[in-house]
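Peer 1: Got a structure for you, questions after.
The values are calculated or read from the model by the stated rules, or taken from the named source; none is laboratory data. This is a predicted model, so every value here is computed, not measured. Glycine gets a Cβ as well: all are built from the backbone with ideal geometry, and neighbour counts include every protein chain shown.
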Amino acid sequence: MSNGLLDFIVTSSLYADYKIETNPELEQLVKICHNEVRFEMFCPICRNKKVFMYDGGIDNSLIKNIWNGLHTIGSINSGYEKYNPLESIEHMYFRFKCSLNECHKLEYVFVRKGNKIIKIGQYPSSADIDIPQASKYSKILGKQYYNELKRSIGLHSHGVGIGSFVYLRRIIEKLVYDTFKEAETTGALTQQQFEYQDDGEHRNGMEEKIKLLKGFLPDMITANPKIYGVVSKGIHELSENECLEYFPVLKDGIVMILDDIVAKKEKERAEAEYKKSLNKIISNLK
Ligand SMILES: [Zn+2]
């Protein structure tokens, strides 16, 4: 979704903040409340991805005021005096409904402090939204890493940055190493090439390793290896906020890799099935 505010509302962890003062945030707020933007999200009741839409929460007259302000020249953007239409607002509450059944809701609450809003609550929790989704990966990850993925999502939903990030990092490392093992069996890469730079001395960081696995990892990941450089940083180099910010990107990367593996396994299964029925017909023909 290209609506930064909406993205913040539905994916941020507790106590994360977002500046909402002028544009484009105010325009994004109007768009959300006018139901001009919808988004896909895992519905914990449908147990599937569904489209969600705005279902109320923000006072209509506030939205009207903001809309008028945005469409009257000289009011908000070039105001002689800084006018903040949210000044009188203490809390913001957003409710979204599932497109399949409007009784399935997502609810989010924010407190306004100065020009920022801070998430102070949501229901269902992002752990409830994310963890059921994770269950389909339990076989690929194995029990230990699957539990770590769940713990990581749970910690992030409670605003724990470094803790959640460390677990996610271990999972990325595991998946990248598993992928290397696969590349090694095809003869595309040796352990030495994977672990060390050309000088044979300096170790490759995560960014280099991901570059080397082009063709074996999803293209979206090998095309943006820089993001994964953060995985190579030591714990003491990471800030709490940096971890919270990187979390969704790394998590989406992990999901992409896992989806890729699921699709490959499904293809192998279908091919084996096909071979079996083919052999049966051939042997019947004899
Ligand atoms: Zn639903």
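Peer 1: Given the criterion surrounded by 16 or more Cβ atoms within 10 Å (Cβ to Cβ) and out of contact with any helix residue (DSSP H, G or I) (no Cβ under 6 Å at 6 or more places or on another chain), identify the matching residue among Thr179, Thr186. Give the derivation first.
Peer 2: On the way: Thr186 fails: surrounded by 16 or more Cβ atoms within 10 Å (Cβ to Cβ).
Of the residues listed, the single one that is surrounded by 16 or more Cβ atoms within 10 Å (Cβ to Cβ) and out of contact with any helix residue (DSSP H, G or I) (no Cβ under 6 Å at 6 or more places or on another chain) is Thr179.
Peer 1: Still on this structure, please answer the following. For the range 1-33, enumerate the residues that are modelled with pLDDT of 95 or more and either loosely packed, with under 13 Cβ neighbours inside 10 Å or within 16 Å of the ligand (Cβ to nearest atom) (or both).
Peer 2: Across the range 1-33, there are no qualifying residues.
Peer 1: Quick one: in the range 34-47, of everything that is within 12 Å of the ligand (Cβ to nearest atom) and under 16 Å from the mean Cα position of the chain (by Cα), which residue is surrounded by the fewest Cβ atoms within 10 Å (Cβ to Cβ)? Can you show your working first?
Peer 2: Just the residues of the range 34-47 that are within 12 Å of the ligand (Cβ to nearest atom), to begin with: 40-47.
After this cut, where a residue has to be under 16 Å from the mean Cα position of the chain (by Cα) as well, the list is 40-43.
Working: Glu40: 11, Met41: 18, Phe42: 19, Cys43: 23.
My answer is Glu40.
Peer 1: Considering only the range 88-98, how many residues are crowded, with 17+ Cβ neighbours inside 10 Å and away from the ligand (no atom under 16 Å from the Cβ)?
Peer 2: Residues flagged as crowded, with 17+ Cβ neighbours inside 10 Å and away from the ligand (no atom under 16 Å from the Cβ) within the range 88-98 amount to 2.
Peer 1: Please give the number of the condition Ala134 fails out of (1) in a helix (DSSP H, G or I); (2) modelled with pLDDT of 90 or more.
Peer 2: Every condition holds for Ala134 apart from (2).
Peer 1: Moving to a separate point now. Just the residues that are within 14 Å of the ligand (Cβ to nearest atom), within 19 Å of Lys251 (Cβ to Cβ) and of a type in the set (Gly, Ala, Ser), please, taken from the range 99-146.
Peer 2: none
Peer 1: Next question, about the same structure. With the checklist (1) out of contact with any Cys (no Cβ under 6 Å at 6 or more places or on another chain); (2) outside any loop (DSSP other than H, G, I, E, B) in hand, flag the one item Ser88 doesn't pass.
Peer 2: (2)
Peer 1: What number of residues within the range 110-127 satisfy the criterion of being surrounded by fewer than 16 Cβ atoms within 10 Å (Cβ to Cβ), touching a residue at least 40 places away in the same chain (Cβ under 8 Å) and under 15 Å from Arg95 (Cα atoms)?
Peer 2: Residues flagged as surrounded by fewer than 16 Cβ atoms within 10 Å (Cβ to Cβ), touching a residue at least 40 places away in the same chain (Cβ under 8 Å) and under 15 Å from Arg95 (Cα atoms) within the range 110-127 amount to 2.
Peer 1: When the residues of the range 34-81 are narrowed to those that are of a type in the set (A, V, I, L, M) and either part of a loop (DSSP other than H, G, I, E, B) or in contact with a Lys or Arg (Cβ under 8 Å, 6 or more places away or on another chain) (or both), which ends up modelled with the lowest pLDDT? Don't jump to the end; show me each part of the working.
Peer 2: Pass one, the range 34-81, residues of a type in the set (A, V, I, L, M): 37, 41, 45, 51, 53, 58, 62-63, 66, 70, 73, 76.
Checking which are either part of a loop (DSSP other than H, G, I, E, B) or in contact with a Lys or Arg (Cβ under 8 Å, 6 or more places away or on another chain) (or both) leaves us with 37, 41, 45, 51, 53, 58, 73, 76.
Details: Val37: 94, Met41: 90, Ile45: 91, Val51: 96, Met53: 96, Ile58: 94, Ile73: 61, Ile76: 51.
My answer is Ile76.
Peer 1: List the number of the failed condition for Tyr196; all other conditions in (1) out of contact with any Asp or Glu (no Cβ under 7 Å at 6 or more places or on another chain); (2) among the hydroxyl-bearing types (Ser, Thr, Tyr); (3) buried (at least 19 other Cβ atoms within 10 Å of the Cβ) hold.
Peer 2: Failing condition for Tyr196: (3).
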